[in-house]
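Read the structure below first, then the notes.
The values are calculated or read from the model by the stated rules, or taken from the named source; none is laboratory data. In this text the structure is predicted, and so the values were computed from the model without any measurement. Every residue, glycine as well, gets a Cβ built from its backbone with ideal geometry; the counts of neighbours run over all protein chains shown. Protein only, heavy atoms only, side chains kept; ligands, DNA and RNA dropped before computing areas. Shrake-Rupley method; radii C 1.70, N 1.55, O 1.52, S 1.80 Å.
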Amino acid sequence: MAVTAALVKELREVSGAGMVDCKNALVEADGNLEKAVEILREKGLAAAAKKAGRIASEGLVYTHITDDGKIGVIVEVNSETDFVAKNQEFQSYVHNVALQVVKSGSKDIETFLTEKWHENEGVTVAEALSQKIAVIGENLSIRRFEKFAAKDNETLVSYVHGGGRVAVLINLASGTKGDAIVTAGKDVCMQIAAMNPKFVSRNDVPADFIAKEKEILTGQAQNDENLNKKPPQVVEKIIEGRLDKGLKEICLLEQEYVKEGDMTVAAYLKSVAADLNISAFVRFETGEGIEKKNEDFAEEVSKAMGK
């Protein structure tokens with residue numbers, strides 16, 4: 001039986017699933033609408049579609065480093081509620097997402113979702129996600145991931161804070177290996193978790209970022225009556241000083257080391273090993289940047305009762 005646009009539209013209205021999923025189900029079912037609905041339900045797509053509009057802003061950030069220390073990944077998987085984030089079923093799923101990233105060659109979420117799921121190659125990552133949504137009963141989302149591959153002179157270290165609220169993955173470069181390097185990595189991960197730097201060093205800061213910051217500081221100076229009374233060259237030095245202070249706060253190596261306030265992070269690393277440096281780091285915080293739905297319980301009950 002031919003799969004027509006009208007048939008796809010009808011299945012979409014019945015199931016609430018996406019257009020592409022409906023078309024694929026109808027092709028698999030040879031145009032049989034009832035069979036296509038069963039296929040969508042088996043894959044969890046029909047149930048997932050009903051929940052897809054809900055905001056998933058809770059969840060977990062998670063790290064995994066392979067036993068040989070060669071690959072490290074960090075992922076964020078979101079749920080609707082903190083209650084689900086603490087559920088063992090969800091936590092196991094997040095771990096499996098991290099294992100998928102280890103094996104993955106994808107650079108973005110869209111491509112990642114089309115891969116074969118490592119636990120069952122009969123479904124894609126997206127289909128496995130839909131099945132998990134059906135089991136857990138909340139909208140879930142694989143939001144982002146990063147993957148580091150360590151060279152021979154590099155050591156991967158990770159840290160997770162607050163039961164999965166903040167996670168950090170760091171790649172340290174040094175000719176030295178061993179517990180001292182790993183301990184230093186943990187210390188710096190905690191620094192990153194607490195202080196949220198944006199760059200490793202000043203050399204990594206884009207020129208347009210610096211130009212924009214200087215533009216903002218210049219505007220602030222122009223609106224400052226006290227500074228308007230000073231000579232232009234003095235004002236320029238003040239702006240440069242404020243810019244320098246701001247860059248020290250967002251560049252990891254220049255930050256004050258929180259465990260030893262009289263040294264920078266760069267100085268701390270050198271105290272551990274003369275050639276110890278940071279190749280890269282990434283910090284994820286659960287739900288950052290996601291607009292959270294804010295409804296009180298009474299309003300939610302009223303909606304459910306149709307009032």
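What residue, among those in segment 170-217 that are charged (D, E, K, R) and in contact (Cβ under 8 Å) with a residue 40 or more places away in the chain, is nearest to TYR159 (Cα to Cα)?
Applying the filter and picking the extreme gives ASP187.
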Problem - So VAL166, is it open to solvent by 10 Å² or more (accessible area, probe 1.4 Å), touching a helix residue (DSSP H, G or I) at 6+ places or on another chain (Cβ under 6 Å) and not aromatic (Phe, Trp, Tyr) - result: yes
Practice task
Among the numbered conditions (1) within 30 Å of VAL101 (Cα to Cα); (2) touching a Gly at 6+ places or on another chain (Cβ under 8 Å), tell me where ILE136 comes up short.
Solution key: (2)
Handout entry: Residue check for LEU99: closer than 24 Å to GLU58 by Cβ, touching a His at 6+ places or on another chain (Cβ under 7 Å) and not in a strand (DSSP E or B)
Key = yes
Handout entry: Enumeration of residues in segment 210-221 that are open to solvent by 60 Å² or more (accessible area, probe 1.4 Å), touching a helix residue (DSSP H, G or I) at 6+ places or on another chain (Cβ under 9 Å) and over 11 Å from GLU236 (Cα atoms)
Key = GLU213, GLN220
Fill in the blank from the handout: Taking segment 173-185 and keeping only residues that are within 18 Å of ASP67 (Cβ to Cβ) and either assigned to a strand (DSSP E or B) or charged (D, E, K, R) (or both), one is left with LYS177, ASP179
Exercise for the section: Go through the residues of segment 40-59 one by one and say whether even a single one is modelled with pLDDT of 85 or more and open to solvent by less than 80 Å² (accessible area, probe 1.4 Å). Expected result: yes
Exercise for the section: State the number of residues belonging to segment 75-91 that are farther than 21 Å from VAL282 by Cα, polar (S, T, N, Q) and open to solvent by less than 60 Å² (accessible area, probe 1.4 Å). Expected result: 2
Fill in the blank from the handout: Of GLU127, GLU146, the only residue that is more than 25 Å from LYS186 (Cβ to Cβ) and either open to solvent by less than 40 Å² (accessible area, probe 1.4 Å) or touching a residue at least 12 places away in the same chain (Cβ under 8 Å) (or both) is GLU127
Practice task
Considering only residues that are without any contact (Cβ under 8 Å) to a residue 40 or more places away in the chain and of a type in the set (S, T, N, Q), look in segment 92-124 and name the one that is most open to solvent (accessible area, probe 1.4 Å).
Solution key: THR114
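Does segment 14-39 hold any residues that are open to solvent by 20 Å² or more (accessible area, probe 1.4 Å), at pLDDT 70 or above and assigned to a helix (DSSP H, G or I), and which are they?
Scanning segment 14-39 gives MET19, VAL20, ASP21, LYS23, ASN24, VAL27, GLU28, LEU33, GLU34, LYS35, VAL37, GLU38.
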